[in-house]
1. Label Ser45 and Ile73 with points 7 Å out from Cα along Cα→Cβ: what is the distance between them in nm?
2. What FRET efficiency, computed as 1/(1 + (r/R0)^6) with R0 = 35 Å and r the Cβ-Cβ distance, is obtained for Glu6 and Phe29, rounded to the nearest 0.05?
3. Could you bin all the Cα-Cα distances of the chain into 5 Å bins starting at 0 and give me the percent of pairs in each, rounded to whole numbers?
4. For the pair Phe60/Met14, report the inter-label distance in nm, with labels modelled 7 Å from Cα in the Cβ direction.
5. Give the lysines reachable from Lys36 as a straight Cα distance under 21 Å; neighbours fewer than 8 places away on the same chain don't count.
Amino acid sequence: DNQWVEVAIADNGMGMPDPVKQRIFDPFFTTKAIGKGTGLGMSISYQIITEKHGGKIKCFSTPGSGTKFVIQIPIRQQTISALPIPAES
């Protein structure tokens, strides 16, 4: 599709099970021990990609086979019209 730029990032690590994959973009979700991470990195990344750029991010992972993130950003950004300012009475 020539309307999107796509970036794919993959590793050959241990992958992640479905319960983890389903929550990977949830705020404050982490698999690290208490005090070893805030669990905000993927949530903030998701928010920036989807809300600020109108894009998409998907996670593909199978235990034992690594993980792949696919990020798609539209080539043309939609402009957001300014909301009218109500007149003072």
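Bear in mind that the values in this text are calculations on the coordinates, not laboratory data. These figures come from a predicted structure and were not determined experimentally. Glycine gets a Cβ as well: all are built from the backbone with ideal geometry, and neighbour counts include every protein chain shown.
1. 1.4
2. Here the calculated transfer efficiency is 0.90.
3. Percent of Cα pairs in each bin: 3, 12, 16, 19, 16, 12, 8, 5, 4, 2, 2, 1, 0, 0.
4. According to this spin-label approximation, the distance is 2.3 nm.
5. Of all the lysines, those that pass the test against Lys36 - Cα under 21 Å, at least 8 places apart if same chain - are Lys21.
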